[in-house]
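Everything below concerns the one structure shown next.
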Amino acid sequence: MGVLYSATSTLPTDLEKLVLLEGMVAELLSAAPTVENSELVHYNLTLATHELCVNIIEHAFNGVQGDFTLRMSLRNDPLRFEAETEDRGSRVFSNSDWSPPKLDDTPVRGLGIWLIRQLMDFVLYTNNDGVNHWRIVKQLQPAPQIAHVPAQAIMGQNGTAGSARGF
């Protein structure tokens, strides 16, 4: 279970500071081998992590100033993104009270946890001794490797394009 990249940040409960997440995820992904659909993967990982942080700020802290810890890592065997948070917000999330939103009603709020669960492969919440812990994981698919063809094989031995005769 090797770690390719890891970073830990202490973030204030200030929604405006979450703009930093896009760059943090980009830096993490730069340590990865090329992944399939890299732009979409970057967007989805940023969105899921952003939603998680927004929920911590708005729900766990409920407007009270504070800070929380965000650890992001890129691991191999298999290649995956992991983000973990810890906070001491006064409100505790209840899995038993949560239910998916009714999308037919076009909700304005309440989509965060649902969206995170749609984007990620694994979502876990625990509370131990007043500390809220979230862990989200997304498996990443390495992009297929393109075989390297030497220029001589394409151009011919003398460096000129080969003839199409004989086909």
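Being at pLDDT 65 or above and exposed (fewer than 11 other Cβ atoms within 10 Å of the Cβ) narrows it down to one residue among 87, 104, 129; which is it? Outline the logic, then answer.
Values: 87 fails: exposed (fewer than 11 other Cβ atoms within 10 Å of the Cβ); 104 fails: at pLDDT 65 or above.
Being at pLDDT 65 or above and exposed (fewer than 11 other Cβ atoms within 10 Å of the Cβ) holds for just one of 87, 104, 129, which is 129.
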**Prompt:** Looking at the range 7-25, which of its residues are among the acidic types (Asp, Glu) and under 18 Å from residue 42 (Cβ atoms)?
**Reply:** 22
**Item:** Residue count, the range 50-79 (criterion: farther than 17 Å from residue 10 by Cβ and in a loop (DSSP other than H, G, I, E, B))
**Value:** 6
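Considering only residues that are of a type in the set (A, V, I, L, M, F, W, C), touching a residue at least 60 places away in the same chain (Cβ under 8 Å) and assigned to a helix (DSSP H, G or I), which ones fall in the range 2-49?
Step one: list which residues in the range 2-49 are of a type in the set (A, V, I, L, M, F, W, C), which gives 3-4, 7, 11, 15, 18-21, 24-26, 28-29, 31-32, 35, 40-41, 45, 47-48.
Filter once more, so that each one left must be touching a residue at least 60 places away in the same chain (Cβ under 8 Å): 3-4, 7, 32, 35, 41, 45, 47-48.
41, 45, 47, 48 - these are the residues of the range 2-49 that are of a type in the set (A, V, I, L, M, F, W, C), touching a residue at least 60 places away in the same chain (Cβ under 8 Å) and assigned to a helix (DSSP H, G or I).
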**Request:** All but one of (1) modelled with pLDDT under 95; (2) surrounded by fewer than 14 Cβ atoms within 10 Å (Cβ to Cβ); (3) over 30 Å from residue 142 (Cβ atoms) hold for residue 37, so report the exception by its number.
**Result:** (3)
**Message:** Can you go through 40, 21 and tell me which one is touching a helix residue (DSSP H, G or I) at 6+ places or on another chain (Cβ under 7 Å) and aliphatic (A, V, I, L, M)?
**Reply:** 21
**Request:** Tell me, please, whether a residue that is part of a strand (DSSP E or B) and of a type in the set (Lys, Arg) can be found in the range 80-88.
**Result:** yes
**Item:** Complete set of residues in the range 10-29 that are over 12 Å from the mean Cα position of the chain (by Cα), of a type in the set (D, E, K, R) and loosely packed, with under 14 Cβ neighbours inside 10 Å
**Value:** 14, 16
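The values are calculated or read from the model by the stated rules, or taken from the named source; none is laboratory data. Note that the structure is predicted; figures quoted are calculated from it, not measured. Quick reminder, even Gly has a Cβ in these numbers, built from the backbone with ideal geometry, and neighbours come from all protein chains shown.
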